[in-house]
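One structure is given below, encoded as structure tokens.
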Amino acid sequence: MMFSPRSLRGRAQGFSLLEILVAFAIMAIALGMLYRVMGNNARHTGQLAGQERAMVLAQSLLAAYQLAPAEGIQASGETAGYGWTVQSAPFATPANNEARAARLHELRITIQWVDGTAQRSYSLASLRPERRPLAGGRL
């Protein structure tokens, strides 16, 4: 079947204004969703960076307290915009009544910070042996 050049010219008139408007609307919706996803990714990356710094601070504080005194630990402070508290309390075990058994303290570290308008916190807990006095009653 052969088409005449005249019939092909009649068909090849291009896109209508309505088709172009629909294509632009679809493109605008797709770009809007893409920008929203990219914005959420950037926000989550910032939140993760803040939480990572809080975890490093908590681990550093945990390393600073290798032994707990019998009276426990109560400390707090602020470092680089992060507020922190360190608390310890005796941890009950079946061996607590034995004279030679190490008494344990539960050490809890809480880090708090503000992320934009949201208050965030991170807690870390561990067990530490109680510091025993040396011979002669010295620590």
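Can you find even one residue in the stretch 50-65 that is surrounded by 12 or more Cβ atoms within 10 Å (Cβ to Cβ), among the small types (G, A, S) and more than 30 Å from E130 (Cα to Cα)?
The answer is yes; a qualifying residue exists.
Restricting to the stretch 36-88, what's the tally of residues that are within 23 Å of L104 (Cα to Cα) and assigned to a loop (DSSP other than H, G, I, E, B)?
Total meeting the criteria: 8.
Each value in this text was obtained by applying a stated rule to the coordinates, not by laboratory testing. Keep in mind that this is a model prediction, so the values were computed, not measured. Note that we place each Cβ from the backbone using ideal geometry, even for glycine, and neighbour counts take in every protein chain shown.
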